Amino acid sequence: MGVIDLVFEKAIDEPSFSVAYANMCRCLTTLKVPTADKPNTTVNFRKLLLNRCQKEFERDKVDDVVLERKQKELDSPTERERLQEELEEAKDKARRRSTGNIKFIGELFKLKMLTEPIMHDCVVKLLKNHDDESLECLCRLLTTIGKDLDFEKAKPRMDQYFNQMEKIVKERKTSSRIRFMLQDVIDLRLHNWVSRRADQGPKTIEQIHKEAKLEEQEEQRKVHQQLLSKDIKRRPDQRSQREETWNTVPTTKNSRTIDPTKIPKISKPQIDEKIQLGPRAQINWIKGSSGGAKASDSVKSETLQVAGVSEKPILSEEEVERKSKSIIDEFLHINDYKEAVQCVMEMDQPSLLFVFVRMGLECTLERSQKAREHMALLYYQLIQKGIIPHSQLYKGFSEMLEQADDMAIDVPFIWLYLAELLSPLLREGGISMRELFSELSKPLLPVGRAAILFSEILHLLCKQMSHRKVGDLWRESGLNWADFLPEGEHLPTFISQQKLEFTVSDVSPVSPATAKPSLSPEELFKELEHLLLEDMASDEQIFDWVEANLDESQMSSSPFLRALMTAVCKAAVKGEQTTLSNVDTAIIQRRLPILHKYLNSDTERQLQALYALQSLIVALDQPPNLLRMFFDCLYDEDVISEDAFYQWETSKDPAEQQGKGVALKSVTAFFTWLREAEEESEDN
């Protein structure tokens, strides 16, 4: 507790160094220090620090009471002058502490030690009080963290804050200094949080040394220039002297004079870091002896050697963090996987890629589920392509996993959010379940949360495949729940509470002798329709039914794929009257895991699905624009590829011609748009 008080007091007394103190606290959270009372338990540094920040933030109300009491004492005529000085000093001290604390809180949030709900709570409390001190703290806080808070999901809340700030400015009830501060923050947001004046902050030792070196070079240049000017004054008639010496190169009136400022650089024995040796720096001897030619060769070889030394720049961890945040912010905005992968490759910092992984976690953990899905798929692609080594991935996750149990107070669903970021890594071409769970358990076993995270991951996998398939993967990995549970926890109770029976029940594979009886297309459709329309079954229940009733060959057969597509699309049709039929895209989106799993990006399977959709439209008496709506939705959600659409358009299969002409006519505009989009893409 003494260390926390010491660091905290320094941080609020020296707000210019709050970034350094926040980084120090971040490092201290990783240390495991046993408590004095219970040696087996460790001190929760983050929790103690947050309590200290909260206590200081709420202390302002106590300070207000003290100041009011001193103000009343001031009204008495005795010792008025002394009390006036004490009051001003107390007010100034309280203001400095408040602004210092707010700056420190903002820096802790930027390092993800505080959560967004806490920040919003601080902003709301500061906005409620219209006194100058609260509004000054508000300006300082929003200047520090506004850019990190102002993303799409939180935009409505931020708009409310700034509308209230604009109202305060227009009412002119506060001092002009506070109104100008509020207006500066409003302008800062209008300029996308790009400040007109960069916040220099404290200088590092390296920066101070560099500046001292530049000053020394400047002093040397001035001394050389003064010596040269004195030498020229002493010898005014240089031409007469030149005539007495051998003159190998004739001089003219227009000959170029020597620039004295270049003399220090030429005479300086050491190579300056900022001088770039390239094609322009090479010296070619046009006339002269053979010795001159050799000198030219030596200059060229030296130039090549220096050029060879200047390899790729080695970035610091802070620079990689800034680059990573920029890449991730852009990726989450445009969702361009190819561009993001290319940017990570161009960073070319293999030993610091864990910083990119960590920044991806911090930027998406408390955002929308969609953002976490995109980030998880980017992790998967980077692992699959071998750009991020497995060791760098685990290192990037380890710090967050160590703090996750503490963060659960502020982020109750943190284990689900982490599972959403991790589960896609178990796809084919990613990481094996045994390796992933074994590595992730290392930072989690000391806090006893490994089993909770793995349970969430397995339940997410069950939404993409059957319980039986996930259970098989668990058993094939050779992992055991007992290895991940805290000491003393009852294994059967945990299995029951987390509904993980599918991982421990031994289900023997179906042998050819006991192959499942094949269902007719009518029976398949009837069962699937019952599950989708009447029972409103979850994806996991449908996976389980398919696994229980169909073998692998039947799952890829035309009758099953047609029955599945017909049942899903029929469930998505809204409106009883033919002319008012519409497509409920939410139902299609809800069933995307099923469609993606069984169509499996296979063009032939997708073609069968389009034939089924065509037959459904005919059965519904071909409502106008309904097929076009389905085509738009299936294309946008990547269920059907362009190739499959074109194959369906040109197909002459006699068995699929019923209603084909009317169907083609209704989607003419769709194919026109598809071709135009393809041509534009090729032009670009």
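What are the extents of the Cα atoms of segment 515-683 along their three principal axes, in Å, largest first?
Its Cα atoms span 50, 37, 32 Å along the three principal axes.
Roughly how many debye, to the nearest 20, is the charge dipole of segment 515-683 about its Cα centre, given +1 on each Lys and Arg Cβ, -1 on each Asp and Glu Cβ, and no other charges?
Dipole magnitude for segment 515-683 comes out near 640 debye.
Fewest to most neighbouring Cβ within 10 Å: what's the order for Ile452, Ile334?
Sorted ascending by nearby Cβ count, the order is Ile334, Ile452.
Based only on other Cβ atoms within 10 Å, what is the fewest-to-most ordering of Met345, Met555?
Met345, Met555
For segment 391-544, report the convex hull volume of the alpha-carbon atoms normalised per residue, in Å³, without decimals.
Given the Cα convex hull of segment 391-544, per-residue volume reads 149 Å³.
For a footprinting-style exposure proxy, rank Thr115, Thr42 by other Cβ within 10 Å, fewest first.
Final ranking by Cβ density, sparse to dense: Thr42, Thr115.
For segment 307-394, give the magnitude of the charge dipole about the Cα centre (Cβ charges: +1 Lys/Arg, -1 Asp/Glu; no others), in debye to the nearest 20.
So the dipole magnitude of segment 307-394 works out to roughly 280 debye.
Spin-label point model (7 Å from Cα, Cβ direction): what's the Asn600 to Ile205 distance in nm?
It works out to 6.1 nm between the two label points.
Positive end of the charge dipole of segment 317-504 (Lys, Arg +1 and Asp, Glu -1 on Cβ, about the Cα centre): tell me which of Ala450, Ile495, Leu473 has its Cα farthest that way.
Most positive-ward Cα: Leu473.
Given charges of +1 on the Cβ of Lys and Arg and -1 on the Cβ of Asp and Glu, with all other atoms neutral, how large is the dipole of segment 317-504 about its Cα centre, in debye to the nearest 20?
700
Taking the Cα centre of segment 317-504 as the origin and placing charges on Cβ (Lys, Arg +1; Asp, Glu -1), which of Thr364, Leu440, Gly429 is farthest toward the positive end of the dipole?
Most positive-ward Cα: Gly429.
Values in this text are rule-based calculations from the coordinates and carry no lab data. It should be emphasised that the depicted structure is a prediction, and the values quoted were computed from it without experimental measurement. Here Cβ is always computed from backbone atoms with ideal geometry, including for glycine, and neighbour counts include all displayed protein chains.
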